[in-house]
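I am attaching a structure below and will ask some questions about it afterwards.
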Amino acid sequence: MKLAYQAMDKSGRIVSDVIDAPDMLEATDLLRRQGLFVTTLRESSGARPAPRGSATPRRGGGPRQLKLVAMFTRQLSVLVGTGTPLVQAIAALEKQARDDRWRGVVSDLRRRLEDGESFCRALEDHPRHFDPVYRSLVEAGESSGHLHEMLSRLARLTRQRLHVRNIIAGAMMYPSILVVVALAVLSVMIGFVLPRFTGLFQTLDAPLPPSTQFLLSISEVIRGRWMFIVPSLAVLALGVWTAWRRGMGHEALDRAALRLPIFGCIVRNFATARVTRLLGTLLESKVPLLESLRLTREGSTSAPYRALMQQCEDAVTRGENLSAVLARSELIDATIAEAVRCGEQTGQMGSVLVNVSDFLEEENEVVVKSLSSIIEPVILIVLGVLVGIVAVSMFMPLFDITATVPGGGG
């Protein structure tokens, strides 16, 4: 395959040429080994060049998939650290795999290694499980002969991602259960219990309170048109899910989440912690700064932070300091930008970023737990008020009628 590329050499000079390679990944690797940083890559058929990594990345695998990758990486790191050959280590993990799909992935890795392929090449055929950051660190470990060290860093990175996800899921679990139960109770009351009172209210022939009339109207609409309402809600849910899977609306949602009061600060801290950990881990692994910024951009799930990483790439290419770009951004606190500046001066930017991410994640965990402990009673109060309003609206006409009956008041 003939591929036209535009790249930048170590001196900052733009280089444009054509390379013959089986695919774009192979071409990128070949050019990187020549000391070139690829900015655009396309088939040499006159098609418009497209920047690498410009597409919206997937929002990562599910919790189970991430857990499998984290466990695989941790176990592989331990086995390789004890001197077990890589092929034998992966074969042992293949025997332990209980998930059929995951066993197929590990089996394919083992076969490719037995055929003489590198570990990084074998991982490239499974991008849903092993993202560009993962593959880049494995490649750096293979080329430097320190695969065990890179696997250890990857194990810490994946475990931390899983830990953050578990924190968020755990904080949202109880409020979600409360909301679902309350909605179910309200649905049963409006759809089944309230209609039983409708006939009674009609026989009494008494004026109904506005709240009762409103609930009766909602109940009548739901009972009379449920055959249209249920399919419509199902189609709407399917459409939203499909649009989300295709990446539609991600950017607008990301920007809106950052503007939310209280929650916006939490979202920003989580995204900042993810970006600083990715970038710090890559820099500690001796990955070049421009390459680290590109991989961090591809590994970020937040559109504003991907744009920030792109700005950092452009600025570093022009010779600016990374800290100067971060200091101008509203997404990064001034203290973090100052820490990065100190890291640039001391040559320890990777370790500084990792320490910053550790601090942010500890702070995020405390904030999420505190916020969830506040949200739970608030949800209980709100849902209790809603259920109480429905109950009072159902029984209030009966109370009124009872009060009008002679002797009903006592």
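Any read-out appearing in this document is the output of simple, stated calculations on the displayed coordinates, not a laboratory observation. Because the structure is predicted, anything quoted here is derived from the model rather than measured. Positions of Cβ are backbone-derived with ideal geometry, glycine not excepted, and every protein chain shown enters the neighbour counts.
Let me check against my output: what whole-number percent is the relative contact order of region 63-160, with C-alpha pairs under 8 Å and at least 6 apart?
Numbers: 84 pairs, mean separation 33.5, N = 98.
Here the relative contact order equals 34 percent.
Still on this structure: What list of ³J(HN,Hα) couplings, whole Hz, do you get for region 345-353 from phi and the Karplus terms 6.51, -1.76, 1.60, once you set θ to phi - 60° and write x for glycine and proline?
Each residue of region 345-353 in turn: 5, 8, x, 10, 5, x, 5, 5, 5 Hz.
A further question on this structure: Report the per residue volume, in Å³, of the convex hull enclosing the C-alpha atoms of region 168-410. Show your work: numbers first, answer last.
Values: hull volume 38.6 nm³, N = 243.
Measuring per residue, one finds 159 Å³ for the Cα hull of region 168-410.
Sticking with this structure for a sec: Quick one: what Rg and Dmax do you get for region 237-339 from the alpha carbons, in Å?
For region 237-339, the Cα radius of gyration and maximum Cα-Cα distance read 14.8, 48 Å.
Test of understanding: extend the Cα→C-beta vector of M396 to 7 Å, then name every residue of region 213-236 with backbone N under 18 Å from that spot.
Within reach of a label on M396: 213-220.
Shifting gears a bit: Please work out the FRET efficiency for the pair E114 and I375, using the Cβ-Cβ distance as r and a Förster radius of 41 Å; give the result to the nearest 0.05.
On the way: r = 52 Å, r/R0 = 1.27.
The value I calculate is 0.20.
Using 12 Å as the cut-off for backbone N distance, which residues of region 304-325 belong to the label zone defined by a point 7 Å from the Cα of R255 along Cα→Cβ?
Of the residues in region 304-325, 304-305, 307 have backbone N under 12 Å from the label point off R255.
Take M189, M227, M394 and order them by how many other Cβ atoms sit within 10 Å, fewest up front. Could the numbers behind the result be given before it?
On the way: M189 17, M227 8, M394 20.
Neighbour counts put them in this order, fewest first: M227, M189, M394.
Can you give the FRET efficiency for C265 and F192, using 1/(1 + (r/R0)^6), R0 = 30 Å, r = Cβ-Cβ distance, to the nearest 0.05? Don't skip to the end; give the middle numbers.
Details: r = 43 Å, r/R0 = 1.43.
Here the calculated transfer efficiency is 0.10.
Work out from phi, with θ = phi - 60° and the Karplus expression 6.51 cos²θ - 1.76 cosθ + 1.60, the ³J(HN,Hα) of each residue of region 127-137, listed in order in whole Hz, and give x for Gly and Pro.
With coefficients 6.51, -1.76 and 1.60, one gets x, 5, 9, 10, 7, x, 5, 4, 5, 5, 5 Hz.
State the extension gain, in nm to one decimal, for the chain segment bounded by E142 and A237, taking 0.36 nm per residue of separation less the distance between their alpha-carbons.
Working: separation 95, 0.36 × 95 = 34.20 nm, distance 4.52 nm.
The span from E142 to A237 would gain 29.7 nm if fully extended.
Label-point separation (nm) for D17 and I389, each offset 7 Å from Cα along Cα-to-Cβ?
7.1
What residue among S351, S329, S217 shows peak mean-square fluctuation when the chain is described by a Gaussian network model with Cα springs under 10 Å?
In the Gaussian network model the winner is S217.
Now for a separate question. In the chain, if the dipole is taken from +1 on Lys/Arg beta carbons and -1 on Asp/Glu beta carbons about the Cα centre, which of M71, S107, L30 is farthest to the positive end?
Among M71, S107, L30, the one farthest towards the positive end of the dipole of the chain is S107.
Now, a different point. Report the Cα-based extents of the chain along its three principal axes, largest first, to the nearest Å.
99, 50, 50
Something else about it: Compute the FRET efficiency between V78 and F228 as 1/(1 + (r/R0)^6), taking r as their Cβ-Cβ distance and R0 = 41 Å, and round to the nearest 0.05. Write down the numbers at each step before the final one.
Values: r = 58 Å, r/R0 = 1.41.
So, using R0 = 41 Å, E works out to roughly 0.10.
Now for a separate question. Restricting to Cα pairs below 8 Å that are 6+ residues apart, what does the relative contact order work out to for the chain? Please round to a whole percent. It would help to have the intermediate numbers written out before the result.
On the way: 404 pairs, mean separation 61.9, N = 410.
Once divided by the residue count of the chain, the mean separation gives 15 percent.
Quick check for you: which residues of region 176-196 have the amide N under 19 Å from the point 7 Å beyond the Cα of E220 toward its beta carbon?
189-196
Could I ask something else about it? Quick one: Karplus J couplings for region 357-362, per residue in order, coefficients 6.51, -1.76, 1.60, θ = phi - 60°, nearest Hz, x for Gly and Pro?
Computed from phi, the couplings for region 357-362 are 5, 4, 5, 5, 5, 5 Hz.
Pick from V392, V354, V138: which is most flexible by mean-square fluctuation in a GNM of the chain where alpha carbon atoms under 10 Å apart are linked?
Maximum among the listed residues: V392.
In region 62-137, which trypsin sites (Lys or Arg not before Pro) fall in coil by DSSP and have 12 or fewer other Cβ atoms within 10 Å? Let's see the in-between values first.
Numbers: sites: R64, K67, R74, K95, R98, R101, R103, R110, R111, R112, R121, R128, R135; in loops: R98, R128.
Those satisfying the criteria are R98, R128.
Amide H of Q348 versus every other amide H placed in the peptide plane: which residues, excluding those fewer than 5 positions away on the same chain, fall under 5 Å?
Answer set, sorted by chain and number: none.
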